[in-house]
Amino acid sequence: MLPTLRVDQIVIAWRWADIREGDVILLRHESRDMLKRVAWVRKDMMFVVGDNVTASRDSRQFGPIKTTSARGRVIFPRRLSRPLS
């Protein structure tokens, strides 16, 4: 999600939030948690993309995903003042 989010940031995702186009979400796909931006939502499917177009693995490669894959909408990114150890 560079440049929007960096590796040294903590995010909070709200599980019960309505997901809309343009939202950054936490999702589970192929046994991995990912942060992606929602490009569109149709019924029970959504198309997600990363903000770093040249390096992102997203719906352009694996296609639309079910909305049930969403774990929550990111509501608060915060940069750490020091690295986690």
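The values are calculated or read from the model by the stated rules, or taken from the named source; none is laboratory data. These figures come from a predicted structure and were not determined experimentally. In this analysis, Cβ positions are derived from the backbone assuming ideal geometry, glycine residues included, and neighbour counts consider all displayed protein chains.
Of the residues making up the range 2-37, those that are among the hydrophobic types (A, V, I, L, M, F, W, C), touching a residue at least 60 places away in the same chain (Cβ under 8 Å) and not in a loop (DSSP other than H, G, I, E, B) are ILE10, VAL11, ILE12, ALA13, TRP14.
Restricting attention to the range 60-75, does a residue exist that is at pLDDT below 90, surrounded by fewer than 10 Cβ atoms within 10 Å (Cβ to Cβ) and more than 9 Å from the chain's Cα centre (by Cα)? Looking through the range 60-75, none of the residues is at pLDDT below 90, surrounded by fewer than 10 Cβ atoms within 10 Å (Cβ to Cβ) and more than 9 Å from the chain's Cα centre (by Cα).
For the range 1-49, taking the residues that are crowded, with 16+ Cβ neighbours inside 10 Å and of a type outside the set (A, V, I, L, M), the one that is farthest from ILE65 (Cα to Cα) is identified as ASP23. Quick one: is SER81 modelled with pLDDT under 85, surrounded by fewer than 10 Cβ atoms within 10 Å (Cβ to Cβ) and among the polar types (S, T, N, Q)? Yes; evaluated as a whole, the condition is true for this residue. Reported count of residues in the range 35-55, each being modelled with pLDDT under 90, of a type in the set (A, V, I, L, M, F, W, C) and under 14 Å from LEU5 (Cβ atoms), is 1.
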